[in-house]
Structure formats: C-alpha cells, structure tokens
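Asks: Can you read through this structure? Questions will come right after.
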Amino acid sequence: MLSNFYKKFVKWLCMYNLYEDSPGKKTLMMGNIAVARGAIEAGVQVVTGYPGTPATETLEALSKVAGKAGIYVEVSTNEKVAVEIASAAAISNLRALVIMKQVGLNVASDIANVINLSGCNGGLVIYIADDVGPLVSQNEQDTRIYSRLMHLPCLEPSTPQEAKDMIKYAFEISENYKIPVILRSTLRLSHMSSSVTLGKINISRNKPNFVKDINRYLVLDFIARSEHEALHKKINKIKADAEKNPFNILKIKGEKNLGIITSGLCYLYVEETLKHCGLQDQVSVLKLSFSYPLPTGLILKFLQNVKYVLIVEEVEPVLENEIKAISFDNNKKVMVSKVFGRNSGHLPWAGEINLIHIAKALSKISNTELHLTPDIYQKYGEIEKLAPPRYLSFCAGCPHLATFYAMRKALMQQGYKENEWVVAGDIGCYGIAPFSAVKMMDTSFCMGSSIGLACGFKLALKDTPVIAVIGDSTFYHSGISGIVNAMWNTKGIVIVVMDNKTTAMTGHQPNPGVSIRIDGSESKPIDIADVIKGLGIKFIEIVDPYNVKKTKDIIIKALKYVSERSEPAVIITRRECAILSLREKRKSGQRITPFFVDEDKCIGCRICTQFYGCLALGWDKNIKKAFIDPKSCMGCSVCSQICPSKAIIKKEESN
Amino acid sequence: MKTTEFNIAIAGVGGQGVTLLARILGNAAIKEGLSVRIGEVYGASQRGGSVVSHIRFGENAFSPIIPNGRADVLLGLEVSEAARRIRALKPNGLVILNVYKIDPVEVKTGLSEYPSISRLVNAFKLITDQIITVNATDIATDLGDVRLSNIVLLGVLAGLSVLPISIKTLRQSIWGNVPLAMRNLNMKAFKIGFNLRNP
C-alpha cells in the first residue's frame, strides 16, 4: 500500500544526487541531506534512528539508497533501541550512524552514557538536530550539554557543505579514538539548502569482527570506574584534534579590542552582522568546530588578542561558561577582561539568535550605535496584523478529529462538565486537538508519556474520568511500558490508541504496525490489540472512528468499565491517515464523492463548524448556512453523522 | 550576472509549491556559479499551514534567513501570507502578489475574518510603490492545473529583469525540477507569466 508513495519519494530524492558518484560536482543540498551524503562518502554500513523534525530527512534519504549503496537502514522502535543496535554494530567493527532529534537523546541517554565507556571499533556517529526556537518541539534542549555529561566529542557544522564534510571527519575521529562522536546540527542548518561540492563515495567496507573483551564490554561497577578515567584521557587526547582541524576559523582583526567566539550556524549570523555593520575588519572572530572538547590552545590564542569577547551560540551558555573558566585559569596569559553573552544579559536566554541580537550586543559592548533594520517597524506591523491567523489544523477527514469529537460527546453524555475530566495527550498530529474546534487534550509532555501521566492523574483525582490518548507509532516507541504499568499497578484509566497506521506528523514513516519497512522491505505487522491482549487487559475494543456513534458508545462503555474496577480499558480507534488514504485513492483512480450541505435542511446551528471543525467545512455568513468545499472533502461522512438536521448528504444521494 | 546580495522571500500556503520555487531558483543559481542560501522549515508547516522560503543570492548573504527589511522581492502565492511575511521586505522593495486567497480554518468556520483582497493589496503601499498583482491562480486553472500558479508568478518575476539569473538558466532549472509529465505545461505557464509584463 505504501510502496507507491515511496517510489514517488525516491524520485524526489534523486534531485539531491544522493548516490551520484561525481566528485567535485556542485549541487543544491539541504543540511540533512548533506549529512546523509557525507555518511555515504564515509562508507557508513548501518543506519538506525527514529523520525523527528528537524532530523527526519537524513534517515529517509539514506533509506532510499539503502539497497543501491549496500547500507542497512531501519526505523528503530525508539532512539534508545537505535543507539543500542548501532553500538553493537560499531563494537563489531562496522561503521554506524544513529539519527534523531534533540529530545530523542533523552530516550537514548541511558545507553549513550555507558557505550561512551566501552567505546566502539568501527566508527559510531550520532547525528542530532536540535530544535532551537523551538519551532516544532516540546523544548529547545542543547545537545552540547549532553556531550559533556557523556564525554562524547561534539562537532558543530555551520553550513551544509561542512555538515557533509564533518560527518566524514566524525567517523575518522570515532575510529581513531574508538569513541562515539556526536554531530550536532540546529533546525536552521538542517533545513537550510546551499551549494555542496560532492566528494568521492567510499565503497570500501569495514569487515565485521567481534573480539570478546569483558573488561571493555561488560560495563560493571569496577570496570566503569577505570573506564571513566580512561575516557577522560581519551578526551584529553582528542583536544589535539579540536585544536587542529580544517573546520576551525580564526580571524584576528582590528585594534585588538573586540572579538566574537561562535559555533555552528551562529557563525553565519555573526559574519553577516559584521558585514552589514561594516565591522568585518574591526572585530576578530573565532569559529569553533568542536564544541566538546574545547581547543584550549586556540581559544587562548584568541583571548590573547582581544580585550572583550562576545560568545554567540545556541542555545545555552555552554561555550560562554567554559571560556570564562579557561580565561580564569590563564588570567596572567590572556588579554581578555570580560566575556559577554547570556550571563551578562547581552543575548537573550531563550530562542534563536538573530542579527539584531548580535548587533545590539555589539552596540552595547562598544558603546556605538549599530543599525540593521529600517526604522519603519510600525508600518510593517500594520500590514502584518491584517493577515488572519493560520494555525495548524487537522487535515480534512482526519480520523483523530473524529475520535476526539466522539470522546467529548461520550464524556458529556455521561454528565461530565469540561473541568471534570482529564485527557492526557501525547506526541503526534493529535497535539493539534486543543487548538481545534474539538478543544480536547489537557496535557502534552513527551513521547509515550500520556499513559504514565494518566495513571498519576487517576491516583491523584480518584473519581475523575482520566483518558490517555496515544498514536500508534508513539505506542510502539514508549507507550507500551506505560500500559504495562497501568495494568499491573491497577489504574482505572481509559487508553485510546489512535491507530492511523503511520508516523504521520513527521511525514509518514512506517512503524511496527505496518508491513513495509522504511527501505521498502517487507515485514510482519505487530498488531497493537495482540500486544494489549498479551498483558491480560480484558477490555479491548477496536473501532472505526468514522463511525461516530459506535466510537462514542464504546468510549462510554469503557468509562463505565474503569469506574467499576481498577483496571485499564483500551480502545483502538483504527483508520488510515486521511492523507495516505487520499493519495492511494488518487493513485488508483478512485473517485471521491464529496458530501454537500442541503441548504434547505441546514438550520444554521453551526455544530459542524464550531464543535467538529473539519477543514472541508465552512460557514457562509451571508446565508447563515454551513457549506462543504468539494475540493477538500474526503467523503468520510463524519459531519453527516453529527448534523442534527441531516442536512449533510452525499452528492449521489441527491440525484 | 553577479550580485553581492539579492534576497527573495516566497510566502504561501502548504501545497502551493513554495519550496519548488525555492529549489528551481537555487539550482539555477548554482548552475550560474552564484552563491545561494535557502532557508525553510519543514515538518509542521505542511498541509495547509503557513509556509515561507527565503532564497538568498550572493557572497554577502550568509545566513539562511533574510534579515528583516532586506528582501528585494516578496513573492506572495497567497495574499494574506505575503502580508504575514512583510517584515522581510526592504522599504520600497518589489511585491508580486497572486490575487488569490485561501481561507484558514478559523475564517472558514466563521471565528475569524479575512480582510478584503483590495484592502490587503493597498496595505502594502505603506512600505512600497512597487506592487504587481497577478491572477496567477486563474491563469493556472485555465492551463488545466491550479498547481501551476507558482510557475506563472516565477515567470512574472523573471519578466521584470531583476533576477541575477539568466532566463535561459531559469528555464532549464524549471525543466529539470518539475515532474516529467508536467514539463511542457510548466514551460507554458512560465512563458505566460513572463509575457504578462513583456507583451
């Protein structure tokens, strides 16, 4: 079913010349695709990961050339499993790459904090894209802090070209020192496209080999202690590479007064600010390629040449604090008298850095006026405010929307009021629900957290109905452990697994519930209901959310069931993602018969637009009737079921 | 054609082909040996969401994001989306607007208002006199595929001779970046757009 969609995707990716062996050719590449290309040029053998914006494209791109390039690529159940698989592959001398977004490292941190001690043999690189802003995540955590906790070298590219070249370099460092290496990007770099000069594709492959060594791979207490010490020595040695590599940029300029130390994409912001303010020949710049370990010698050299230094980095003052420590330790040697950045209030504590921030900080430090933007802000605001808000919304015919509608109906029919229930949400498209017409979902934290939270709410709030909602991919990722807990620790919660047979939010990657893996190979789907049954949960219902009444009745039944006993009830609302189903229908030439509103029957109650709010529905304020956009309508029939005056009917029925 | 900095902001709604235009312009720039940086955000902004691409040419364009007030051109595939991204445009910069609106859900369901297109178009006069309006969606619909409106607008932009890229390279880039079966129609759309300002 998915294969057609993938074929189209391969075609799209071909535009990125991912597997083209023409060294020296310049091509337009997105940061994430450049990382994929770099991994191919490095001769990567095993690729694992879990989709998550802003890192997804790297995993997808590699999966599309997996067969051709002889690379093993998988979407792992979660990031921890992904690192475990790659670790074993790298211990067995293969070159392995793990791909995830910043919050994925929280899940993977358990294994990453041990594999650092035993190290690897084949190169092991973990590519992490941090969402600074954050623009599409629950936080903007800084992976560079993890790299310190884990003692893992951390490289930070500034452009797609560097991203491609640095991942090759990361594999070298990893193999030379037998240590996993983190390649850290930020969203703007991951999604930035620019010219990339292709290198040679490495077709040589490491031979698999596992040499037993319990002093390395059996990380027990007494081994961990000695390995911890050895790890510090390793990091000290790697400092030499941090000092000397082609990716550092040192420019000493001007009157030896002001300097900027930066890393990653911020380097581009720094260069552009200096250019636009005409300061390129006056301000010294040091761009670091390693954000861990820091090249103390290079930094000292810089600090000997400037009096004031501004640290421009995203998103925590990581370099700033360590550079302060370096200058404190070497106070006799350095010229620098003050380090500016977040601690000093020159840069904001949160969010992305922009040119205005840098210019303002420079103005403040140098006591001069720097202007970057036109002084007609107010006029811009007047135009801007005319644009009506365009929030994210559920796609037309989204089965999640139908589930939430039925859920609200069920709770209200049971006599509960808005503030008398708790719906614990999870990570996925359904996160749109609180901002849509259905206005459901009270909490959202991290992957798989809904069920644990629901257990806790039930514990605290006793008689309050508590519902956990979770998607299929999130269920496999980390929801299962929560369900086991709900069953064993006997919590009377309703768990609604919204099974749309894909990982929709990140662009429809397959998950263990489907039969085709990301590389196109076949597998046996794992049925969520079977997993639940295996736990001994007795209340399991599977329902099509397009059947509103049935879904509502089952939710009522489940609410009654859990109120009578301390045991979870599981409902699986199963219906393929509307986008996938639409694509399939278009491809197979199936016609979609849209519904329409019979204006004679419509009483203008607005239940459909204000309490359900499908994207295909509209409100004609002139005639005070609802209408359906035939181009958007999926023909799911949900609105026709909720219309109290039966005014919404299918086109053919009217004839 | 050399430039030290030329910035284009393209605003639209997910599915209108904003990112395709960015790819066409980016590939054309590389072909001509012109430095290019494109800034986009993928993921949550697809499927009917607000989308913007920043395309930057020249050695002085470092960051993938056009700094506020530095865009030479603001290309709006949807009128209100162009208004939303106005901050990118430099004073008296060029605005090319597709006279077309896509109602957000809040507007469709009557919870929010969409101002009249003429009010929106007039508002741009606060910043610039260079406003060009095109019925690109109508032209595309007449050609048989509404999705061609982005290429019509690209044609209009190319016809104004402001781009630091030759028309020939641009045409080649369209040819190489659209689906095989759609090539001829896209070239036709480009030509119509191009001739709108060069009769």
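The values are calculated or read from the model by the stated rules, or taken from the named source; none is laboratory data. Computed from a prediction, not measured in an experiment: that's the story for all the values here. Neighbour counts are summed over all protein chains in view; Cβ atoms, including those assigned to glycine, are modelled from backbone coordinates with ideal geometry.
Asks: Being among the small types (G, A, S), buried (at least 20 other Cβ atoms within 10 Å of the Cβ) and touching a strand residue (DSSP E or B) at 6+ places or on another chain (Cβ under 6 Å): is that true of A:A396 here?
Replies: When the stated conditions are applied, A:A396 does not pass them.
Asks: Turning to a different aspect of this structure: Specify the residue that is surrounded by the most Cβ atoms within 10 Å (Cβ to Cβ); the eligible residues are those in segment B:36-53 that are modelled with pLDDT of 95 or more and at the interface with another protein chain (Cβ under 9 Å from one of its Cβ atoms).
Replies: If we take residues in segment B:36-53 being modelled with pLDDT of 95 or more and at the interface with another protein chain (Cβ under 9 Å from one of its Cβ atoms), then B:R37 is surrounded by the most Cβ atoms within 10 Å (Cβ to Cβ).
Asks: Right, here's the next one. Filtering segment A:597-636 down to residues that are among the aliphatic types (A, V, I, L, M) and not in a strand (DSSP E or B), which residue is nearest to A:P510 (Cα to Cα)?
Replies: A:M634
Asks: For segment B:82-102: of the residues being more than 7 Å from chain A (Cβ to nearest Cβ) and outside any strand (DSSP E or B), which is nearest to the chain's Cα centre (by Cα)?
Replies: Applying the filter and picking the extreme gives B:A82.
Asks: Scan B:N150, B:N184, B:N195 and give me the residue that is out of contact with any Cys (no Cβ under 9 Å at 6 or more places or on another chain), modelled with pLDDT of 95 or more, surrounded by 23 or more Cβ atoms within 10 Å (Cβ to Cβ) and of a type outside the set (V, I, T).
Replies: Only one candidate qualifies: B:N150.
Asks: For segment A:117-134, how many residues meet the condition of being in contact (Cβ under 8 Å) with a residue 60 or more places away in the chain and crowded, with 24+ Cβ neighbours inside 10 Å?
Replies: Final tally of qualifying residues: 10.
Asks: Against the definition (at pLDDT 95 or above and touching a Leu at 6+ places or on another chain (Cβ under 9 Å)), how does B:S166 come out, yes or no?
Replies: When the stated conditions are applied, B:S166 does not pass them.
Asks: For segment A:132-239, please list each of the helices (runs of 4 or more DSSP H) lying entirely inside it that holds at least 2 residues being out of contact with any His (no Cβ under 7 Å at 6 or more places or on another chain) and farther than 21 Å from A:E322 by Cα.
Replies: A:160-177, A:187-190, A:214-217
Asks: Okay, next question. Can you work out which of the residues in segment A:191-200 that are surrounded by 23 or more Cβ atoms within 10 Å (Cβ to Cβ) and facing another protein chain (nearest Cβ under 9 Å) is farthest from A:E57 (Cα to Cα)?
Replies: Looking at the filtered set, the residue picked out is A:S194.
Asks: Within segment B:87-113, how many residues turn out to be in contact with a strand residue (DSSP E or B) (Cβ under 8 Å, 6 or more places away or on another chain), over 24 Å from B:L148 (Cα atoms) and among the aliphatic types (A, V, I, L, M)?
Replies: 2
Asks: If you scan segment A:240-272, which residues turn out to be surrounded by 19 or more Cβ atoms within 10 Å (Cβ to Cβ), within 14 Å of another protein chain (Cβ to nearest Cβ) and not in a helix (DSSP H, G or I)?
Replies: Hits for segment A:240-272 are A:I260, A:T262, A:G264, A:L265.
Asks: Step by step: first the residues of segment A:361-393, then only those that are away from chain B (no Cβ under 14 Å) and in contact (Cβ under 8 Å) with a residue 60 or more places away in the chain, then the one that is surrounded by the fewest Cβ atoms within 10 Å (Cβ to Cβ). Which residue is that?
Replies: A:S366
Asks: Counting just the residues of segment A:273-284 that are surrounded by 21 or more Cβ atoms within 10 Å (Cβ to Cβ) and touching a helix residue (DSSP H, G or I) at 6+ places or on another chain (Cβ under 6 Å), which one comes out nearest to A:N305 (Cα to Cα)?
Replies: A:V283
Asks: Please state which one of A:C577, A:C605, A:C643 is under 33 Å from the mean Cα position of the chain (by Cα), modelled with pLDDT of 95 or more and not basic (K, R).
Replies: A:C577
Asks: From B:L20, B:L75, grab the single residue that is within 18 Å of B:I151 (Cα to Cα), more than 10 Å from chain A (Cβ to nearest Cβ) and in a strand (DSSP E or B).
Replies: Exactly one residue qualifies, and that residue is B:L75.
Asks: Right, next: Out of A:K332, A:K338, which single residue is over 25 Å from A:V132 (Cα atoms), touching a residue at least 24 places away in the same chain (Cβ under 8 Å) and either loosely packed, with under 15 Cβ neighbours inside 10 Å or over 33 Å from the mean Cα position of the chain (by Cα) (or both)?
Replies: A:K338 is the lone residue from the list that is over 25 Å from A:V132 (Cα atoms), touching a residue at least 24 places away in the same chain (Cβ under 8 Å) and either loosely packed, with under 15 Cβ neighbours inside 10 Å or over 33 Å from the mean Cα position of the chain (by Cα) (or both).
Asks: Sticking with this structure for a sec: Exactly one of these conditions fails for B:I165: (1) without any contact (Cβ under 8 Å) to a residue 60 or more places away in the chain; (2) buried (at least 17 other Cβ atoms within 10 Å of the Cβ); (3) within 14 Å of chain A (Cβ to nearest Cβ); (4) not hydroxyl-bearing (S, T, Y). Give me its number.
Replies: (1)
Asks: Something else about it: Those residues that are assigned to a helix (DSSP H, G or I) and among the hydrophobic types (A, V, I, L, M, F, W, C), I need them from segment A:64-95; list them, please.
Replies: A:A66, A:A69, A:V81, A:A82, A:V83, A:I85, A:A86, A:A88, A:A89, A:A90, A:I91
Asks: Just the residues that are away from chain B (no Cβ under 11 Å), at pLDDT 95 or above and not in a strand (DSSP E or B), please, taken from segment A:333-356.
Replies: A:G341, A:R342, A:N343, A:S344, A:G345, A:H346, A:L347, A:P348, A:W349, A:A350, A:G351
Asks: Can you work out which of the residues in segment B:113-160 that are farther than 17 Å from B:G14 by Cα and among the hydroxyl-bearing types (S, T, Y) is farthest from the other protein chains (Cβ to nearest Cβ)?
Replies: Here the residue is B:T133.
Asks: So is A:I526 within 25 Å of A:S63 (Cβ to Cβ) and either free of Cβ contacts under 8 Å to residues at least 60 places away in the same chain or not hydrophobic (A, V, I, L, M, F, W, C) (or both) or not?
Replies: Against the criterion (within 25 Å of A:S63 (Cβ to Cβ) and either free of Cβ contacts under 8 Å to residues at least 60 places away in the same chain or not hydrophobic (A, V, I, L, M, F, W, C) (or both)), A:I526 qualifies.
Asks: Would you check if A:A396 is within 14 Å of another protein chain (Cβ to nearest Cβ), in contact with a helix residue (DSSP H, G or I) (Cβ under 6 Å, 6 or more places away or on another chain) and among the small types (G, A, S)?
Replies: For A:A396, the condition - within 14 Å of another protein chain (Cβ to nearest Cβ), in contact with a helix residue (DSSP H, G or I) (Cβ under 6 Å, 6 or more places away or on another chain) and among the small types (G, A, S) - is not met.
Asks: Taking into account only those residues within segment A:605-630 that are within 9 Å of another protein chain (Cβ to nearest Cβ) and of a type in the set (K, R), which is nearest to A:P434 (Cα to Cα)?
Replies: Among those that are within 9 Å of another protein chain (Cβ to nearest Cβ) and of a type in the set (K, R), it is A:R606.
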